[in-house]
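Here, each number is a calculation from the coordinates, and none is a lab measurement. Please read these numbers as outputs of a predicted model, since none were measured by experiment. Ideal geometry is used to build each Cβ from the backbone, glycine not excepted, and the neighbour counts take in all protein chains shown.
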Amino acid sequence: MTVTESLDDYILQHIDEESDYLKALYRDTHVRLLRPRMASGHLQGRMLAMFVRMIQPLRILEIGTYSGYSALCLAEGLPEGGMLHTFEINDEQEDFTRPWLEGSPYADKITFYIGDALERVPRLGVTFDLAFVDGDKRKYIDYYEMTLAHLSPGGYILADNTLWDGHVLEPTQANDHQTIGIKAFNDFVAHDSRVEKVILPLRDGLTIIRKK
């Protein structure tokens, strides 16, 4: 076991446990879905729930539901009357994800959409206090601009995978559009005076962005 793996184990032993429901969802994600690493998992899930409790948003936007793990963690921290709007563009994901969301203790705090957030969010007429962006890396700047336009002043965007397994440090192949998208997004946000920003080296990188 590497030092990093040992530290990961140590961290997980010294934070709050995930619920039995989340453990079951995580197991089912690994058994039934092709890319289970896309699920947030224990550490990031606890941090998402903590961020929501700290920020106390009433309206949360999530772009990229996948199996629903992160959605449940975001909804867990919502105050009374809060609502999470979560979007998944892959319609083949619905049969797996919807039952897990609708069978959860937070079902009344989650609205689950199948479709393109870039098209549908502007039609909702909702102003969000917090957004978690974990969709197509090629569209991160588009997601960012759209989300910022529907974010309250002082609201937060959490952008996932912004270190991209360290590929942001490597020369990029012309056909590696995901890495190109992440690098372009990181550069764009770094020079955007409309926001404050910091990157946390958590898992695959998480950028915390605050709208001024």
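For MET83, the residues whose amide H sits under 5 Å from its own are ARG59, ILE60, ignoring neighbours fewer than 5 places away on the same chain, with H placed 1.01 Å from N. In the chain, taking the dipole from charged Cβ atoms about the Cα centre, the farthest positive-side position among LEU151, ILE63, THR172 is held by LEU151. The alpha carbons of the stretch 1-56 give a radius of gyration and a Dmax of 12.8, 38 Å, in that order. Using the rule -39500 (n - 2.57) for each DSSP H run of four or more residues, divided by the residues of the chain, the 222 nm mean residue ellipticity is -12500 deg cm²/dmol. Label-to-label distance, ARG120 versus ASP95, with points set 7 angstrom from Cα along the beta-carbon direction: 1.9 nm.
Indicate the gyration tensor shape class of the stretch 60-156 (rounded, prolate or oblate), computed on the Cα atoms with a ≥ b ≥ c the square roots of the eigenvalues: a/c under 1.5 is rounded; otherwise a/b larger than b/c is prolate and the rest oblate.
Verdict is oblate for the stretch 60-156.
Site pair ARG194 and MET1 shows an inter-label distance of 4.5 nm when each label is modelled 7 Å from Cα along Cα→Cβ. Rounded to the nearest 20 debye, the dipole magnitude of the chain is 560 debye, with +1 charges on Lys and Arg beta carbons, -1 on Asp and Glu beta carbons, and the Cα centre as origin. Set against the 2.2 N^0.38 Å expectation for a compact globular protein, the stretch 3-211 has a Cα radius of gyration ratio of 0.98. Between MET50 and THR127, the simple spin-label model (points 7 angstrom out along Cα→Cβ) gives 3.0 nm. Per-residue Karplus couplings for the stretch 80-87, computed as 6.51 cos²θ - 1.76 cosθ + 1.60 with θ equal to phi - 60°, are listed in order as 4, x, x, 9, 9, 9, 10, 10 Hz, Gly and Pro entered as x. Legend: residue pairs LYS109/LYS137; LYS137/LYS197; LYS137/LYS183, Cα-Cα distance threshold 21 Å; pairs beyond threshold, LYS109/LYS137.
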